1. Would you please name the residue that is nearest to Phe103 (Cα to Cα), looking only at residues in region 23-42 that are touching a helix residue (DSSP H, G or I) at 6+ places or on another chain (Cβ under 6 Å) and part of a loop (DSSP other than H, G, I, E, B)?
2. Considering only residues that are of a type in the set (Lys, Arg) and under 10 Å from the mean Cα position of the chain (by Cα), which ones fall in region 68-118?
3. So which residues in region 8-22 are closer than 15 Å to Thr69 by Cβ and outside any loop (DSSP other than H, G, I, E, B), if there are any at all?
4. Residues in region 46-67 that are free of Cβ contacts under 8 Å to residues at least 12 places away in the same chain and surrounded by 19 or more Cβ atoms within 10 Å (Cβ to Cβ): how many?
5. Need the failing condition index for Lys5 against (1) at pLDDT below 95; (2) part of a loop (DSSP other than H, G, I, E, B), just the number.
6. Hey, which of the strands (runs of 3 or more DSSP E) in region 48-152, taking only ones fully inside, have at least 2 residues that are modelled with pLDDT of 95 or more, touching a strand residue (DSSP E or B) at 6+ places or on another chain (Cβ under 9 Å) and within 23 Å of Leu11 (Cα to Cα)?
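The values are calculated or read from the model by the stated rules, or taken from the named source; none is laboratory data. Quick caveat, the model's predicted, so the values are computed rather than measured. Cβ placement follows ideal geometry from the backbone for every residue including glycine, while neighbour counts extend to all protein chains displayed.
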Amino acid sequence: MSDWKARLSELGVDLPPVAAPVAAYVPAVRTGNLVYTSGQLPFEGGALPVVGKVGDAVDADTAKAAARTCALNALAAIDALVGLDSIVRIVKVVGFVASADGFTGQPGVINGASEFLGEVFGEAGVHARSAVGVAELPLAAPVEVELIVEVG
């Protein structure tokens, strides 16, 4: 296994505490050699630093940074369940963007998560992905990200 925590440290990134679920679910579940995370919101210190729809109250660059935070929160959920260093590769990223009417930049927003995972995992971070525009997200979050990862 690789030392992914050391790579995060090299990037100057600390894993946050696992975000507490806001409903009836757990942050991550393992089945076989896959871990599925629940959708992660861009919580920082237990709060959402930005809320609203992208293309209206939230600009695309701010939403892209929030998607990065979502991916980091997903990694924290994986670490709590199986340990970050058990990750073999990132399999899939699913991103949801609360989109104002006419906003079509969902792929660019979710690049915040994808690019971050590439920085951390290199070739093992190359993944399949969906970037979906939605009318609303929980707690008025601008973005939500879930991961599927292969573990050893």
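1. Ranking the candidates gives Pro42 first.
2. Step one: list which residues in region 68-118 are of a type in the set (Lys, Arg), which gives 68, 89, 92.
Within region 68-118, just Arg68 meets the criteria.
3. Narrowing region 8-22 to residues closer than 15 Å to Thr69 by Cβ: 8, 11-19.
Passing the criteria: only Leu8.
4. Residues in region 46-67 being free of Cβ contacts under 8 Å to residues at least 12 places away in the same chain and surrounded by 19 or more Cβ atoms within 10 Å (Cβ to Cβ): 0 in total.
5. All conditions are met except number (2).
6. Working: elements: 87-98, 128-134, 143-151.
Passing ranges, in order: 87-98, 143-151.
Here's the yes/no breakdown for (1) of a type in the set (Gly, Ala, Ser); (2) on the phi > 0 side of the Ramachandran plot; (3) in contact (Cβ under 8 Å) with a residue 60 or more places away in the chain; (4) touching a Leu at 6+ places or on another chain (Cβ under 9 Å):
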{"position": "Trp4", "(1), (2), (3), (4)": "no, no, yes, yes"}
{"position": "Pro17", "(1), (2), (3), (4)": "no, no, no, no"}
{"position": "Ala20", "(1), (2), (3), (4)": "yes, no, no, no"}
{"position": "Pro27", "(1), (2), (3), (4)": "no, no, no, yes"}
{"position": "Asn33", "(1), (2), (3), (4)": "no, no, yes, no"}
{"position": "Tyr36", "(1), (2), (3), (4)": "no, no, yes, yes"}
{"position": "Glu44", "(1), (2), (3), (4)": "no, no, no, no"}
